[in-house]
Amino acid sequence: MTLFINIGELAGIAPEGLLRKQGAEMADAGILRNAWLAEMDGRIVDYGSMASCPGAENVVDVAGGMILPAFCDSHTHLVYAGSRDAEFLDKLSGLSYEQIAARGGGILNSSDLLNSTSEDELLRQSMPRVLELMAKGTGSMEIKSGYGLNPEGEMKMLRVIRRIKESVRAQVRSTFLGAHAVGRGYGHADYVQAVIDMMPEAAGLADYVDVFCDEGFFTPEDTARILEAGAAHGLRGKIHANELAVSGGVQVGVKYGALSVDHLERTTDAEIEVLKGSGTMPVMLPGTSFFLGIPYGRAKDYIRAGLGIALASDYNPGSSPSGDMRFVMALGCIRMGLTPAEAFNAVTINGAYAMGLSGITGSITRGKRADLILTDPGWTQTKLPYLHHSPFIRSVYLAGELLP
Ligand code: NIG
Ligand code: FE
């Protein structure tokens with residue numbers, strides 16, 4: 001057992017059985033000041049106020065710092081080959097994401113790079129990104145395929161994600177995003193069928209299925225077919241929707257019981273309406289809005305409508321080359337108007353929900369994994385997004401074990 005004492009702010013306390021926070025619940029970050037927390041066998045066993053602190057042999061004095069749940073990043077594309085920094089220069093010279101893609105950059109550029117990279121080399125290139133996120137406090141992450149765009153390349157990516165899953169202490173969820181763009185050499189309809197044909201093999205490797213349902217990529221009809229094929233193999237959806245246009249992706253996602261619908265930079269009120277009462281988590285990706293200069297999601301309108309939202313990094317080489325979840329929180333507050341508490345819930349319990357992990361991580365709850373960030377003294381929940389680039393992490397524990 002490890003006993004953490006003198007915790008200035010223990011943040012993220014949630015009752016057992018609560019899987020997500022919605023509407024006004026998002027304003028409550030579950031804070032107990034001057035607290036202790038006990039961990040045993042990788043799990044949170046108990047916590048309380050220092051006035052009633054138990055004794056233990058193995059004590060960590062947090063000395064007035066915070067303890068919060070490790071971040072839950074429910075949307076990344078961090079397995080990729082090579083670099084797209086040349087496209088960064090194109091972007092700075094004034095080209096849009098769509099124009100860069102039309103010139104042979106974008107997702108197809110990553111696909112070419114990936115298809116000429118071996119599985120071992122892809123793992124070697126991707127692992128430092130995973131370790132960087134863990135060092136920055138991410139304890140659970142979802143990783144998508146979608147740069148293979150043919151059966152061989154997609155399965156290679158999914159195997160690399162599986163190898164990451166098996167080798168790190170962070171929890172990893174894997175999503176089959178065969179429908180990220182039409183693969184080279186295919187017509188549109190043939191490629192949709194090819195994705196459906198990949199489903200049985202993908203389902204042996206992935207936890208979820210995703211479709212880039214957006215203008216110039218895949219239609220709601222394509223998405224419905226792919227979600228049906230996924231469901232037939234036990235895969236729930238996590239949809240890319242409304243990044244480039246109001247696409248219908250939210251509606252089709254909700255109809256098929258998707259776990260999340262992500263991006264939502266271009267939402268109308270109809271998307272908010274259809275999400276009400278559903279089990280689908282809206283996920284917004286402010287790092288993408290920041291990098292591409294596109295609108296930010298209307299997070300406050302969702303919350304006012306009684307919905308929960310999650311924030312994720314979208315870490316990828318083309319539209320969000322950062323997996324820093326505190327930067328995501330800061331953008332959530334500064335650009336989307338979230339309170340620090342709302343941004344905090346969006347990157348912890350609601351992020352965990354959006355990858356099906358909120359029963360086991362994402363909050364300070366008895367019985368959950370001890371996935372914890374310990375901060376230096378003096379940090380508070382408000383300061384996390386406010387002093388957004390000052391170092392704050394003293395240590396990270398995943399399943400109760402101190403990260404090296
Ligand atoms: O989520 N929107 C589609 N996919 C990624 C971008 C991928 C890329 O450009 O490589 C995204 O923004
Ligand atoms: Fe994405």
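Remarks
- Enumeration of residues in the range 159-194 that are closer than 20 Å to GLU221 by Cα, away from ligand 2 (no atom under 16 Å from the Cβ) and buried (at least 18 other Cβ atoms within 10 Å of the Cβ): VAL182, GLY183, TYR191, VAL192, ALA194
- Taking the listed residues ILE226, ILE303, ILE294, the one that is surrounded by fewer than 21 Cβ atoms within 10 Å (Cβ to Cβ) and more than 17 Å from the chain's Cα centre (by Cα) is ILE294, with no other qualifying.
- Candidates GLY297, GLY318: the one that is touching a residue at least 60 places away in the same chain (Cβ under 8 Å), within 16 Å of ligand 1 (Cβ to nearest atom) and part of a loop (DSSP other than H, G, I, E, B) is GLY318.
- A single entry from SER140, SER83, SER111 fulfils the requirement of being assigned to a helix (DSSP H, G or I) and of a type in the set (Gly, Ala, Ser): SER111.
- Hey, ARG394 out of contact with any His (no Cβ under 7 Å at 6 or more places or on another chain), touching a residue at least 40 places away in the same chain (Cβ under 8 Å), over 19 Å from MET40 (Cα atoms) and not assigned by TED's automatic domain parsing to the domain that holds MET134 or not: yes
- Here PHE327 clears all of (1) of a type outside the set (Asp, Glu); (2) buried (at least 23 other Cβ atoms within 10 Å of the Cβ); (3) assigned by TED's automatic domain parsing to the domain that holds LEU259; (4) assigned to a helix (DSSP H, G or I) except the condition numbered (2).
- From the options SER322, SER363, residue that is within 16 Å of ligand 2 (Cβ to nearest atom), in contact with a Gly (Cβ under 7 Å, 6 or more places away or on another chain) and at pLDDT 95 or above: SER322
- Selection within the range 251-263 - touching a residue at least 24 places away in the same chain (Cβ under 8 Å) and either within 15 Å of ligand 2 (Cβ to nearest atom) or among the polar types (S, T, N, Q) (or both): GLN251, GLY253, ALA258, LEU259, SER260, ASP262, HIS263
The values are calculated or read from the model by the stated rules, or taken from the named source; none is laboratory data. From a predicted model like this one, the values you see are computed outputs, not experimental measurements. Glycine gets a Cβ as well: all are built from the backbone with ideal geometry, and neighbour counts include every protein chain shown.
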